[in-house]
Each structure stands twice: as structure tokens, then as C-alpha cells.
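Data first, discussion second: the structure below is written as C-alpha cells.
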Amino acid sequence: MNNKPPKLAEKILSQAALYRDRNFLLADMEEIYYSILEEKGKKQADLWYRQQTLKSLPHLLFNLIYWSISMFRNYIIIALRNIRRKAGYSFINIAGLALSLACSLLIFFHIDHELSYENIYPDADTIYRIQIDTKFGDTWRNWATGPFPAGPMLKENYPEITEYARISNRVREQILSTTDSSGVKREFSETGGLYADPSFPGMFDLRFIRGNREKALKNVNSMVITEKMAAKYFGEENPTGKNIIDINSGRVYNITGVVANPPSNTHIQFDFLISLETFTSQLTGNWEGATESRTWKAVFTYIKLKDKESLAGMRAKMPRFVKSFHEEDPNRVEIFNLQPIKDIHLHSKVDGELSANSDITYIYIFGATAIFLILIASFNFVNISLALSLKRFLEVGMRKVTGAQGVHIKLQFFIETFLLTLISAFLSILLLYLFLPTFNELSGNNFTSGIIFENKPLLIIGALVVAITLLAGFYPAAYISKINPAEVLSNIKTPTSSVAIIRKGLVILQFVISVFMIFGTITIYNQLIFFRESDMGFNKEKLIAVDLFLSRVENRGEKLETIKQTLLSHNRITSVTRSSNLPGDRFSIEHMVPEGMDREKLPTVKVFRVDEDYLKTMGIKLAEGRDFRKSDSDISQLILNEAARSALGLQSVENIKCRTYFNEAEIVGMVNDFHFESLHNNIEPMFIECKPGWCSLMFIKYEGEHEDELLSFIDDSFKSVIPGHHFSYTFIDDYLNQHYSDEENAVDIFQAFALLSIFVSCLGLLGLAYYSVENRRREVGIRKTLGASTGELNILLSTEFIKWILIAIIIALPAAYFFMSGWLDTFPNKITIGIDIFILSTAIVLITGILTVSIQTIRGALTNPVDVLKHE
């Protein structure tokens, strides 16, 4: 028979009673219980026990809550007292953690923005871009654009596709003009236009402020403008129904709607939309009927599926569709890919992208950087807490003797950690507010201060506070709570070898991260310098490109010649030429078929048009044949590069008849390969065609400085021949450097955070060095008394820390080399990681570490031994 008190009631009493009263209370209750058991039996004894438990419970719970609050308040007071007493260490922890939190959150803002591309569209998960891979001979070309008929035919043949929309960015820079109701004329140069199908606004859920979304782009010369553009041209007036004139072409656009400005996190950026029918109406002459072509890559085609489950089936059907699409050209090899629009910004690198994309690699790099910064700050906290815990043995021993349990000791340390982390979190918000403008400048973002107080950042800050408290507080709390009070109070030294190992390991890890980031920063910086300073094969310096805007000008050729001669009369202008493209611009991709060769077996080549002075002005070297000459013949002159000669298998390059898309031509020479695109690309086969009438840009080569005076002269030269000419110009070297904005942003951000990581690491090293010197004050005093010099003592005290840094360098350099080599392999034109990067990374970390440690060790070595030994 079970004669013990009811288990549940006994357990409730045990949990509700304070620790110091628990044994007495349970013992008294048990004594009375057994007395009743003998007199009245088991049932009455159990009933009494349960009644007493219920009666006692409110009072016990009140005591438990009251004393728990009192104890917690006591923990807070002690924690604040310890933080104040160890102000130097507290500053190191708070400053390092606040800086790391602030910078990590800035990185989070950037990553979150990059990963949010296209999320603004409600149906983004079911919208795909038709991306086409085409095989020419033995080479493949990857296109972001496709032919006009692809979208309508896909929609017609497959019920899984609910909608399609096509857009084109073939809207060149335009001079748009309008006159408001008060007679004020407004005229601006615009480059942000797109042609779009009528279905585009609905498919992408554009928010119309004015106008009808379904009808806005149905008619020729219909135009939809953004809020920003509406304010610029019409102020507060309603622009719908009003006209905007393209000064260059004379075309009159009718405003049919106003939409909200596109957010920054979409690859489809525009200031205005023109109906796609307007574009097709302009295709005359050689271009007539081009919209029926199955090969001309002219538009970006987007389709919307019924649901995500339809994707696998559609992808399986695409080869059959491609076969029917090219039934009149069965030898054509193409692959139609369904590319999720959410993948475009970070995962797409194909010809003719609508806008400059980023790369998922940078997201990984920045994400790792944020994690590293948090880890470094946490390591600092653990290291300093472990060091300080060795000085709190007596305090902890006294607490245990007076009844404190291990859980109470742990709680004390966790509260101290939490308070430091919480203070750091509040300080990090202030730093975020201060750093945000600088970060926007470095990263190219446009974040406002309001982003700091959105739900997601605040949740992240809260989660980091909890995570860092657990991460940084666990080991010191667990270690100190296990000490034996008898050994402490008997002055028996507690073994600390495991603590020393942990401390050394964390310092090494901190500097491994710092070395890695400095190595990465130097590598990215060197690659950026390589991009900017490499020999492109032509002279990009002191070269200005001026937009001509002359499509409606009569006697265009004569007037351009007059302008050219006027410009050449200036003593600083050495040469003038014309071209259809800027270096690094998007080039036409065409077939150039030498006489006697099969077009289907030849690769496509990139083509641009120039006048006869192009090679001289650009400083491009002729390798074989002759330069362009003035000619009235209908047969075009062509010059190819070495890559084209190799791709076409030509033995000679002189006087070879050739067929282009539009006319007969003759190859007259070959130039050495030069980088007509950015260094992100390999040099491809390329033809230069002498067709001055097709050129929309004038290139002006000059000498000397003071560009403002020269630009004024160029502007006056144009206006003297063509009154009212809109002067728009580009410096070629600046334009090319824009292609490396991703690398420039990466090096700026990486550089800032690499410096921060070494700074935070050194803060922790400074704290540990201070602790080490304090612990060895007696030893230093004795050594100085025996004749040791300050230099010798500095070396003695610094040796251990330097050893840790050297171990970190040995670990970090191979890992950094492996990672950065992989990053460089993504570029066809790249630097080689040389010994200089290893030496510079090592020197920066080693010198910084030695200087940091020396601040404390020299201070300790200069201590007067009398001041130390008199207290012993």
C-alpha cells in the first residue's frame, strides 16, 4: 500500500515554495500527514494534504513572485554596477557590438533590397521571360530578347499561358517638348522610354493615377508617363489628353495615362511608355515586314502562366514549339527558356539585358561579411567575459556559500550580457541613422531613415540581441557557475587551461576573418584598377561623344562636315569622327557572309557603323589591308578584327566580297583585337562598316585640360550651324567606368567593412592585452627591479598575442586565396593574385595587431616597480 502524500500536490508545493523554505515546509507537511494517516486513514490524510496545498498556494506563489522580482532587480543592480566598475571593458564590448550591429543591418538592408526584385508584382511567381539561346556554327549566343511573333504564337497555342506582353528599349535619347496652359514651354532630354504592348500595364499591375489601364497603349503615338515626368512637364495640371512632341523626329505623342514611379527593385525601369504599335509603324524601307521575322531579336517577351504547376509542362513543350516556330528554317538551332522574372536581377547575364543586373555572388559576399562582423563582436564579448570571470571567483564562491545555485549564477551573467547587448542595440540604431547617407553613397541605394523603424529591421535587432546574449553569455556563465566555493575560499587556484584555449581560439578566429576580408578587399580593388587602367586597344582618354539629333535636319551630311571643320579649327581638338555606338554600348548582331561561304555555318558577329576617320581618332591599329576611304559607291567598306577573321576562317582580309543584311560589301582591312565592350566580356568577332549616314554620334578627340571651355566651344559650333541643337555629350572614359559600378560598389563596401572588422578585432585584443598586463604586474615589477628594459618587457608581454595573429594569418591566407581565385574566374579578363597581395594583407594585420597590443604592453612595462611591489 502506498502511504506517501499525493504526488501532484507534493510536486506543486515543491515548485511553489522558495528554495530556502522548501525542505522545512515539505518536512512539516509530511509529519502532519503521517499523523493523520495513523489516526484517520489514507483517504482523510490525502484530503487534508490537498486542502492545505490549495490554501497555501496563493501565499506561496506571492512569495515566489515577490522574491523572484526582488532577485531579478538585485541582478540588474549588480549588473549595472559591474558594467560601471569595468567601464573600459564595457566600452570595448558596447562599441564593438554596436558598430557590428549597425553595419550588419546596413548590409541586411542592401541584401533584402536585392532579393526583393520583382516582388512588387502580384503575379511575379507566374511571370516568365522568354530567353533564347541560338547556335551559329559551333558557337552559342544567349539573348534576353526575342522575335515579335513569339509571344502571340505561344499564347495562341498553349492554354497554360493566360497573357503575354512585349516591351522594347529601342527608344533612343529623345528631346521632348510641351507647352502648358499658361504658354510656358518645357523641353528636356529623355532616355528612360520603353515601347510596350497594351497588355503590359495590366500584366505587371501598373498603378494608374490617371487614365484607363486597358486602353492606354492601344493606339499609335499613345504615351503613358510616370508621376515624376508628369510633374516635370505639366506641373500640377492633368496631363491626360495633352501632347508631347519629339523635337528630333517631329512625332506628336498623346498622353493617355499617368502611372506611379517604378520602384527601384525591378529590372523594368522607365520614365515613359510608348505603344508598341508606334514602334512598328516606324519600320519602313529595309525594315518593312521585320515584325514578321522569326529571327530578329527586337523585343523582351513576358508570359504569365495559370499557376506555378504549369511551368514543368510548358518547359517540356518548348522544343516542339521551337520546331514549329522555325518550320521554314529547319536547320536553325534555338532553345526557348522560360526565365522566372525573379531570377533576372541576380542570375541573368545574357546579351541585351534590359538594365544592368547584379550578381548573386555579391549577395553571398555581403551576407558572409555581416555574419563575420557579428561573430567578431561576439567573440570579443566572450573573450573579455572569460578574462574578467577569472577575477570573480571570490564573489561567486561567496554567493554559493550563502545558498546561490548554479542557475542563479548563470542568470546573473546572462543579465549582464543582455544589458550590454541591449545598450549596444540602442546605440546601433543611432549609428544606423548616422551611417545611412554614407552607405547610400557607397552602395548606390537610396534608403531613407524610415527603413530603420520598419518591422523587419526591428525584429532582426531583437533576434540578434537574444542570439548574441545566448552566444556570448553561455560559455562564461556555464564556466563560472561550476567553480567549487571551498577551493576558491581556500585560495586553491582553479584550473583555467580550458578557458585559455577558448580565449586563444576566439582571438585567432577574429583575425582569420579580418585577414580574409582585407585580402578580399585588396583583390577586388586591384581587379577594379585593372578594369579602369587596362589597355583597351584604343585611346579612351580625352574623348567626347556628342549626340547628333539630326534626323529631321536638311542637308545633314553638309552641315555635319561644316561642324567637323569648325571643331578641327580649335587648337586643342586633334580629330573628329562619327559612330553609331559608344564603346561598351549594345551592338547590332548580324550575319556578315564572305563570298562563297554558307551563311548557316557562320557565327553572327557584332557590327557598328563609322565614318572614314574612326580608326585614326580612336587610335586603333590597322594590322592588315587599308583604312576606310571616302567613296560614293553602293558597296560598303568593311574592316574586321582578328577574332572575326579566325571565326570566319579567312586566310586573307583584302578585297573579299561580302554580303550584309542590307547590301553588298567589301572587306578592305583588319585591325588588332580591341575591347569594344567592357572587360567583363571576351573580345568577340566584330565588323566595322563605313556608313557615315547611319551614325548618330560624333566623337571629338582633344588635348589638355579645362574641359568646360572646350565643351562651350563644341556647343557653340553645333548651334552656329544648327540653331536650337540640343547639346548632349558623354566622356568615353566615364561611360566605360560605369560598366564597373558593381565592382566599385563592392570594393567600397568591402573596404569599409574590412577596416571595421580589424578595428573591432583590435578592440578585443586591446581589452585582452590590458587584462594580461594587469595580471602580470607583479612579474613586470620584479623583472624591472632585476634590470629588464622597457623594450624587453614589451617583447615579453607582446609575444603571445603576436603568435596568435601569425597563426590566424597562416590559416586565413590559403582560404582567402581559394575564394578570391574563384571570384576572379568569373571574369574573362582578370588580374593574377601575386605575392604582393599576401605580403600587404599580412603587413596590415600584423602591424595593426602589434600597435594595438603595444599600447597596453608599453604602459605596463613603464609601470614603476615600487608602486607594484609595495602592495605585495
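The values are calculated or read from the model by the stated rules, or taken from the named source; none is laboratory data. The structure presented is a predicted model; accordingly, all values stated were derived computationally and were not measured. Quick reminder, even Gly has a Cβ in these numbers, built from the backbone with ideal geometry, and neighbours come from all protein chains shown. Please note that ligands, DNA and RNA were not included when accessible areas were found on the heavy atoms of the full protein model with its side chains. Shrake-Rupley method; radii C 1.70, N 1.55, O 1.52, S 1.80 Å.
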- Spacing of the two label points (7 Å from each Cα toward its C-beta) at MET153 and ARG556, in nm: 3.3 nm
- Diffing region 143-153: the Karplus 3J(HN,Hα) column from phi (6.51, -1.76, 1.60, θ = phi - 60°), in whole Hz with x for Gly and Pro, holds 10, 7, 9, x, x, 3, x, 4, x, x, 5
- Taking K and R as +1 and D and E as -1, what net charge do the other residues with C-beta under 14 Å from the C-beta of SER182 add up to? 0
- Message: Please compute the length gained on full extension between THR162 and TYR729, using 0.36 nm multiplied by the number of residues separating them and subtracting their Cα-Cα distance.
- Response: 199.7 nm
- Task: Quick one: which residues, 5 or more positions from LYS242 or on another chain, have an amide H under 5 Å from its amide H? H modelled 1.01 Å from N in the peptide plane, none for Pro or chain starts.
- Result: ILE255
- Chain lengthening between ASN446 and THR179 when straightened (0.36 nm per residue, less Cα-Cα): 92.9 nm
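May I ask you to rank LYS803, LYS304, LYS317, LYS135 by accessible area, largest first, using a 1.4 Å probe over the protein chains only?
Sorted by accessible area, descending: LYS803, LYS135, LYS317, LYS304.
Just how large is the dipole of region 94-229 about the Cα centre, in debye to the nearest 20, putting +1 at every Lys and Arg Cβ and -1 at every Asp and Glu Cβ?
540 debye
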- Message: Once you order the gyration tensor axes a ≥ b ≥ c over the Cα atoms, which shape class does region 93-167 get: rounded for a/c under 1.5, otherwise prolate or oblate by comparing a/b with b/c?
- Response: oblate
- Cβ under 13 Å from HIS113's Cβ, HIS113 left aside: what net charge do those residues give with Lys, Arg +1 and Asp, Glu -1? -3
- Message: A 30 angstrom limit on the alpha carbon distance is what I want to check against. Which of LYS155/LYS349; LYS155/LYS456; LYS542/LYS830 exceed it?
- Response: LYS155/LYS456
- Task: Heads up, I need the accessible area for TYR702: 1.4 angstrom probe, whole protein in place, Å², nearest 10.
- Result: 10 Å²
- Message: Based on the alpha carbons, how large is the Rg to Rh ratio for region 215-369 when Rh follows Kirkwood?
- Response: 1.03
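By its C-alpha gyration tensor, with a ≥ b ≥ c as the square roots of the eigenvalues, how is region 602-648 shaped: rounded for a/c under 1.5, else prolate for a/b larger than b/c, else oblate? Provide the component values of the computation, followed by the final result.
Numbers: a/c = 1.91, a/b = 1.31, b/c = 1.46.
The shape class here is oblate.
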- Note on the structure: Net charge near GLY704 (other residues with Cβ under 10 Å of its Cβ; Lys, Arg +1; Asp, Glu -1) is -2
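With a 10 Å radius around each residue's Cβ, average the other Cβ atoms per peptide and rank 732-738, 225-231, highest first.
Listed from highest to lowest mean packing, they are 225-231, 732-738.
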- Task: First check a/c for region 262-309, with a ≥ b ≥ c the square roots of the eigenvalues of its C-alpha gyration tensor; if it is under 1.5, answer rounded, and if not, answer prolate when a/b is larger than b/c or oblate otherwise.
- Result: oblate
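What FRET efficiency comes out for the pair LYS135/LYS621, r = Cβ-Cβ distance, R0 = 45 Å, nearest 0.05?
On the way: r = 33 Å, r/R0 = 0.73.
With a Förster radius of 45 Å, E is 0.85.
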- Under Karplus coefficients 6.51, -1.76 and 1.60, residue-wise ³J(HN,Hα) of region 803-816 in Hz, glycine/proline x: 4, 4, 5, 5, 4, 4, 4, 5, 6, 6, 4, x, 5, 5
- Rank by packing, highest mean first: peptides 373-380, 833-840, 116-123, 274-281, with packing defined as the count of other Cβ atoms within 10 Å averaged across residues. 373-380, 274-281, 116-123, 833-840
- Note on the structure: Given 342-349, 704-711, 162-169, 430-437, the highest-first ranking by average Cβ count within 10 Å works out to 162-169, 342-349, 430-437, 704-711
- Query: Taking amide hydrogens as modeled 1.01 Å from N in the peptide plane, which residues meet the under 5 Å criterion relative to SER696, leaving out close sequence neighbours?
  - Reply: SER579, SER580
